[in-house]
Structures are given as structure tokens and as C-alpha cells.
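Submitted below is the structure of interest, expressed as C-alpha cells.
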Amino acid sequence: MSEARTMEDIQVKRSWKMPVVYALAALLLGLFALTARGDVTLRLNDKSQSLDIPDIVAAGTPILCVLFVINAVIAAWSAYSTFQRRTNTRALETTMMGAAGAATVLGFLVFAGSGSNGAVTLTSTLVSTVAISTPLIFGALSGVVSEHVGVVNIAIEGDLLVGAFAGVMAASFFRTPYAGVVAAPIAGALLGSLLALFSVKYGVDQIIVGVVLNVLALGLTTFFYGTLMKDAPQDLNTNQFALSAVKIPLLAEIPIIGPVFFNQTILVYLMYAAVVALTVFLYRSRWGLRLRACGEHPRAADTVGINVNRTRATNAILGSAFAGLGGAFFTLGSGLSFTDNISAGNGYIALAAMILGKWHPLGAMGAAIMFGFAQAVARLLPNIEPSIPSDLVSMIPYVVTIIAVAGFVGKSRAPAAENVPYVK
């Protein structure tokens, strides 16, 4: 009897969250399939490609029925596994989540495009997703580095703002966009040095310091934009020196994914490199081990000879430099001039992406891409269904972020010593 009770106690605890989510997604697709009318036009071609791919025109209902079956099977398997207390492998769970998410999103686009005169431009939407996600990913990586070392960086919004400002200003002054690529992370690092000074050296609450720095960045950029930039826009705030796309031969011609991955600006390629480098070095190097030790157990790190406060300060500055580089995308990467508050709250979305990604570079990137895709879809919808209210469309990215953070973060744990000043 005692052995049976022991076996019962160690059984996997049932969690019906994912089966319910999959079931709701299947029901939504079923509703779409029942109410869809007319054909949908899917456009896979992109204007940057020399390869001409003809549009795909098909009835929307059969496509939605297939997508409904996919999600229904996933929901059934997830419910069966939960009922039997079976633990699926991480690869299988990831595959199921990816397939269900892709089916739901594609179903929504097919439903919106059914009976419409507009085309669902899949490739262009994915290209737009990368563009929107790039500053968010840099901001999320900034938070990953800072919080792993024990410093809460609320000032990501300010880092993005000063990076956008310094990037376009340096590019306009030196007549080359690459000067802006260098200046943007330096501006972010300068703001990060203030975060390190007050929160690490003087022990001021990191959240308060971050909020103050955001206000400082907004005030300074607004002041200099209204004085220096407006007085000499052609010298200090021109979009003539934006970064051009670097097209990788052959690879950029691959249908659908070619323009997404292999026809981007240098900032996007740097973003790819930053995600890979941080994923490797954060968990597979001495630097990463020391950094995480300072965020988890600074007293233990100090006992083995690590200078905790110096490590925190340098990596807080490094994290802010990442965000500053991401801010350059708002101007140099998008071909835009600087305007007041051009970051528009993206720093806070980057923080949400970092939390949703559970403080891991790949997870943070995935969460940022989710928000970027939601915003790209919101921009696409008026072209295929003009009758949808614009206010409702503009809400989509933020509603998706709130639902994701509230429903899928789960039991994530921040570094134990973040926002805790270390005093010897």
C-alpha cells in the first residue's frame, strides 16, 4: 500500500492549460471554416526577387478545414497525453506549439482574405515581421544580459531612443550610415553607464533609476530634436544615408524565406549574430558563468574572486549598448528621419518579450518575433479587409502580447539577486 501511494505521489501532475489552448484554437478555425466565403489569393512573390512566383488562388473553406483538422489532432493528442500523465519530449512539445500557432495564424489570414479583392502577401509580411522585430530583439537581449548579472534594466526604452537619435545624427554628419551603426551602441552604453553608476555603485533602486533614465532620454532627445535637428535637418537628421539591404546571391532567391533571411540590412545580420553569440557564450563560457553567478548568488561569486560590482557594471553597460544598436533600426534601418519618441514604447515590449522568453536569448527572440508578426499582420489587414475598424486592428499586437505574457509565461523565475545591491 505504501509503495503504491509513493508511486501515485510521484506521478506527473496534470496541467490542462495547453490542451485547452489547442482546443480553443481548433474551435476558432472551425468557426472560420463555417463562415468563410469566396476565394483567397496567396502571394508568395517578393518585389526584391527576380524569380516570379504566380499567385495562388483557392477556395478559403477547404484550406481552413485542413488547418482545423491539424489543430484538432494536436488538441486531441495533448489532451490524451495529459489524461495519461505522459510527458512529451521538448522537441515534440515545441513542434506541436509551432504547428498549432502557424495553423491558427495562417487560418486567420486565409479567413480575412476569403472573398477579398486584396492578396495575402505572405513573404512581404514575413519581411515586415523581421523589420519590426529587430529593435525588439536587441532590446530583449539587452534585458537578458542585464538581468542575468543582477541589474533590472527598465531603461531599455531610453536606450532605444538615444540609439535612434545618435545613429541618424552621426550618419547625417559623417555622410555614411556606418558611422551611425557605431554611434548608436555608444549612446546606449553612455546611458547604461548612468544605470550602472546609480544602481550598482550607489545602490539606488534599479527600477526607479530605469524610469528616470527613460524620462531623461525622452527629454534630451526631444530638446535636441527641436533645436539642433530642426535648425539643420539636412546636416543632422536626413534619411539619405539609411542602410541599404545586403543581398546574398542565390540564397536571397529562395522562395518565401530568401528575402526574409538573406536580403536584409547589416543590423539584421548583426542581430542574428548577437542571438547566436549570446546563446553560446552565456551558457558555455567563463564570462557567462561569472555573469550568471553575479545575478544568482553574488556572495558565492565574491568568495571565488569575482568582482561582483564591476561585473554588474560592465555587463549593464554592454546590455545597454545592445539596445542602443537596436534603436538605430528605427532610423538607419527603416530609412526614416528621427521624430519625437520614435521608439514609441518598444522598450517595454522588449522587456515583456524577455520575460516571456524566460530570460533566454532564443526565447526572447521568439517572443519578440511573435509581437513583430502580430504588428505586421495588423498592417496587412487593412489591405485585404478595409472594413475592419482601424482602432481594432491597432490593438492586435498589444492584445497578443498581454495574452502571451499572462497565459504562457508559467512558472518562470527571474535571477535571484536582481535589483538587490551587493555590499561587501
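When the residues of the stretch 9-42 are filtered to those that are among the charged types (D, E, K, R) and at pLDDT 85 or above, which remaining residue is farthest from Ile403 (Cα to Cα)?
My answer is Asp39.
Among the residues of the stretch 286-303, are any of a type outside the set (Lys, Arg) and within 17 Å of Gly180 (Cα to Cα)?
The answer is no; no qualifying residue exists.
Looking at the stretch 402-424, which of the residues that are open to solvent by 70 Å² or more (accessible area, probe 1.4 Å) and more than 23 Å from the chain's Cα centre (by Cα) is modelled with the highest pLDDT? Break it down into steps so the answer makes sense when it comes.
Applying the first criterion (open to solvent by 70 Å² or more (accessible area, probe 1.4 Å)) to the stretch 402-424 yields 402-403, 406, 408, 411, 413, 420, 423-424.
From the residues that got through so far, the ones that are more than 23 Å from the chain's Cα centre (by Cα) too are 420, 423-424.
On the way: Val420: 87, Val423: 82, Lys424: 73.
In this case the residue turns out to be Val420.
Moving on to the next point. Output the qualifying pairs, or none if there are none: Cβ atoms under 9 angstrom, residues six or more apart or on different chains, first residue in the stretch 318-336 and under 15 Å from Gln264 (Cα atoms), second residue open to solvent by less than 20 Å² (accessible area, probe 1.4 Å) and among the hydroxyl-bearing types (Ser, Thr, Tyr).
Qualifying pairs under 9 Å: Gly326/Thr134; Gly326/Ser142; Phe329/Thr134; Phe329/Thr265; Phe330/Ser343; Leu332/Thr265; Gly333/Thr134; Gly333/Thr265.
So which residues in the stretch 334-355 are in a helix (DSSP H, G or I) and open to solvent by less than 30 Å² (accessible area, probe 1.4 Å)?
Hits for the stretch 334-355 are Asn346, Gly347, Ile349, Ala350, Leu351, Ala352, Ala353, Met354.
Ok, one more. Return the pairs, sorted by first residue and then second, in which the second residue is in a helix (DSSP H, G or I) and not basic (Lys, Arg), the first residue lies in the stretch 87-100 and is more than 15 Å from Ser15 (Cβ to Cβ) and touching a residue at least 24 places away in the same chain (Cβ under 8 Å), the beta carbons are less than 6 Å apart, and the residues are 6+ apart or on different chains.
Sorted first by the residue in the stretch 87-100, then by its partner, the pairs are Ala100/Tyr22; Ala100/Ala25; Ala100/Asn71; Ala100/Ile74.
Hey, can you tell me all the residues within the stretch 102-152 that are part of a helix (DSSP H, G or I), closer than 30 Å to Ala321 by Cβ and of a type in the set (Gly, Ala, Ser)?
Answer for the stretch 102-152, where residues must be part of a helix (DSSP H, G or I), closer than 30 Å to Ala321 by Cβ and of a type in the set (Gly, Ala, Ser): Ser128, Ala131, Ser133, Gly139, Ala140, Ser142, Gly143, Ser146.
When you scan the stretch 170-180, do you find a residue that is crowded, with 17+ Cβ neighbours inside 10 Å, out of contact with any Pro (no Cβ under 6 Å at 6 or more places or on another chain) and closer than 15 Å to Asn341 by Cα, even just one?
No, the stretch 170-180 contains no residue that is crowded, with 17+ Cβ neighbours inside 10 Å, out of contact with any Pro (no Cβ under 6 Å at 6 or more places or on another chain) and closer than 15 Å to Asn341 by Cα.
Next question. Identify, from the list Asn153, Asn88, Asn117, the residue that is buried (at least 24 other Cβ atoms within 10 Å of the Cβ) and at pLDDT below 95.
Among Asn153, Asn88, Asn117, only Asn153 is buried (at least 24 other Cβ atoms within 10 Å of the Cβ) and at pLDDT below 95.
Is it the case, given these coordinates, that Asp302 is in contact (Cβ under 8 Å) with a residue 40 or more places away in the chain, within 28 Å of Ala187 (Cβ to Cβ), in a helix (DSSP H, G or I) and open to solvent by 30 Å² or more (accessible area, probe 1.4 Å)?
no
Right, here's the next one. Give me the residue from the stretch 205-214 that is in contact (Cβ under 8 Å) with a residue 40 or more places away in the chain and open to solvent by 70 Å² or more (accessible area, probe 1.4 Å) and, out of that set, farthest from Gly347 (Cα to Cα).
This residue is Ile207.
Tally the residues that are part of a helix (DSSP H, G or I), open to solvent by less than 50 Å² (accessible area, probe 1.4 Å), of a type in the set (A, V, I, L, M) and farther than 24 Å from Leu191 by Cα, restricting the search to the stretch 215-272.
2
Okay, moving on. Sort out which residues of the stretch 305-317 are free of Cβ contacts under 8 Å to residues at least 24 places away in the same chain and not polar (S, T, N, Q), and write them in order of number.
Result: Gly305, Ile306, Arg310.
The values are calculated or read from the model by the stated rules, or taken from the named source; none is laboratory data. What you see is a predicted model; the values in this text were computed from it and never measured. FYI the Cβ positions are ideal-geometry reconstructions off the backbone, even for glycines, and counts take in every protein chain you see. Just the protein is used for accessible areas: all its heavy atoms, side chains included, with ligands, DNA and RNA removed. Shrake-Rupley method; radii C 1.70, N 1.55, O 1.52, S 1.80 Å.
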